[in-house]
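Reading through the structure tokens given below for one structure.
The values are calculated or read from the model by the stated rules, or taken from the named source; none is laboratory data. Since the structure is predicted, the reported quantities are computational estimates derived from the model, not experimental observations. So basically every Cβ, Gly included, is an ideal-geometry build from the backbone, and we count neighbours across all protein chains shown. To get the accessible areas, we keep the full protein, side chains included, count just its heavy atoms, and leave off ligands, DNA and RNA. Shrake-Rupley method; radii C 1.70, N 1.55, O 1.52, S 1.80 Å.
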Amino acid sequence: MAAISIERVTKTFGRSPALRDVSLEIADGEFMVLLGPSGCGKTTLLRTVAGLERVDGGRVRLGGRDVTHLAPRDRDIAMVFQSYAVFPHMTVEQNIGFGLRMKKRPKDEIRKRVGEGAELLGLTPYLTRYPAQLSGGQRQRVAVARAVVMDAPVLLMDEPLSNLDALLRLQARADLKRLHGEVKRTTIYVTHDQVEAMSMGDRIAVMRDGVIVQVDAPMAIYDAPATQFVGSFIGSPPMNFLEGTVSGGTFSGDGFSFPVGRAPASADGRTLLLGARAEHLVIGEGDIRARVLVSEPLGSHALITALVGRTAVKVQAPIDTHVAPGDELRLGLDPAHIRWMDQATGEALP
Ligand code: ATP
């Protein structure tokens, strides 16, 4: 068992808090993604779990054991970092087996584990090569293999794919996901790439300013973001937001007014944000009047930017939708897909 328990962890560098009272429970075998913009504290949180950063307050438990004050080598974890260093003077085989040799494991065991790790990451044909004779993606897989063969129950990864080009990244993403399916290590994976987070995580913890804003399964976060920030950060394009008020089942704002059925009871008297995903705005017979600004054909679909009143919204439409700038549209929106938020706090209404 290697569940990870982060309890009320705080960490301050000088005067600026990097982690503010952060708690997170990660189940045994779970793939947890830490997602958020640059500087939100993802790496710091990962490093406190690794033992590379001393916490100012709170506790970290691995598999029930309190490791808060243990050195990294005593925590039984494997790590892959953004600047994955493979040793240039060692072959792939020697690189993958490096950690095992440091731990003075028997030669037979090292050979067997390195063979398995190489197989898992498609590196068997390259075992005798040196890093200079590998592509960037293969080198990166060597770093992952080296961490994986360590057999540690906890795997920590900090943006391990960030040095790869887009195509390699796509491939490596799928590889890592498959790998996790086969070897169910409890994994914490740091990224600022929301697509990576959506595609890989069992759950995502979205962070902002040293705080975890929301933790849930990727689609739950996508469909029901807890705040306007999360709705804007997850999804491409970001969730659309219209500002206005509801009265008698009609939502009205700057230059628009349309029926929305029943708004939540707690909406009374507040300025609201109506959140709607691009794919839930349907061109055709609807009550939302809009004027096309631009249409972008993207292969599988078209992305149309249109003005609702004075607010620009993104609409995902079938690729054969032909509209031109200036065209008047009527957009439909199923009220079941509306995410209501309080304009003042940015928080979703219950
Ligand atoms: P990125 O995606 O850019 O790596 P991040 O979310 O991983 O960002 P952290 O590296 O955890 O962010 O940094 C969180 C905050 O703590 C930032 O404001 C950063 O400047 C600060 N910080 C991190 N490490 C140190 C340090 N060693 N000394 C001083 N400040 C630090």
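Solvent exposure of the chain amounts to 47 Å² per residue of accessible area, where only protein heavy atoms count and the probe is 1.4 Å. With R₀ set to 30 Å, the beta-carbon distance separating Thr68 from Ser16 gives a calculated FRET efficiency near 0.85. Relative to the longest principal Cα axis of the chain, at what angle does helix 136-148 sit, 0 to 90 degrees, rounded to 10? Helix 136-148 sits roughly 70 degrees off the main axis of the chain.
Entry note: segment 291-337 has Rg to Rh equal to 0.97, where both radii use alpha-carbon atoms and Rh is the Kirkwood radius.
In this rough spin-label picture, where each label sits 7 Å from Cα along the Cβ direction, the Met219-Asp151 distance is 3.8 nm. Based on DSSP H segments of at least four residues, each scored -39500 (n - 2.57), the chain has a per-residue ellipticity at 222 nm of -6500 deg cm²/dmol.
I want to make sure I understand the PRE zone here: with the label point 7 angstrom from the Cα of Ser23 toward its beta carbon, which residues in segment 334-350 have backbone N atoms less than 20 Å away? Correct set: none at all.
At q = 0.13, 0.19, 0.28 Å⁻¹ the log10 of I(q)/I(0) for segment 245-296 amounts to -0.37, -0.75, -1.32, computed by Debye summation with a single uniform scatterer per C-alpha, solvent ignored. Database remark: amide H of Phe81 closer than 5 angstrom to the amide H of Asp158 (H placed geometrically; neighbours at sequence offset of 5 or more, or on other chains; Pro and chain starts carry no H). Taking the average, over residues, of other Cβ atoms within 10 Å as the packing measure, peptides 326-335, 197-206, 58-67 rank 197-206, 58-67, 326-335 from highest down.
Averaging 1/r over each pair of different alpha-carbon atoms in the chain and inverting the result gives 22.7 Å, the Kirkwood hydrodynamic radius. The equivalent ellipsoid that matches the C-alpha gyration tensor of segment 201-350 spans semi-axes of 25, 21, 12 angstrom, in descending order. Given a cut-off of under 8 Å on Cα pairs at least six residues apart, what relative contact order in percent is computed for the chain? With pairs under 8 Å counted, the relative contact order is 16 percent.
For the chain, the longest principal axis of the C-alpha atoms and the axis of helix 107-120 are separated by about 20°. Computed across segment 1-43, the Kirkwood radius stands at 11.8 Å (inverse of mean 1/r, all Cα pairs).
Eigen-decomposition of the gyration tensor built on the alpha-carbon atoms of segment 100-163 gives equivalent ellipsoid semi-axes of 20, 16, 10 angstrom, largest listed first. Per the Cα gyration tensor, segment 109-255 maps to an equivalent ellipsoid with semi-axes of 41, 16, 11 Å, ordered largest to smallest.
Taking the Cα atoms of segment 1-154, the ratio Rg/Rh between the radius of gyration and the Kirkwood radius comes to 1.02. Here the accessible area of the chain is 51 percent carbon and sulfur, with a 1.4 angstrom probe and all protein chains present. When Rg and Dmax are taken over the Cα atoms of segment 203-246, they come to 11.1, 34 Å. Of all DSSP beta bridges confined to the chain, the antiparallel ones make up roughly 75%.
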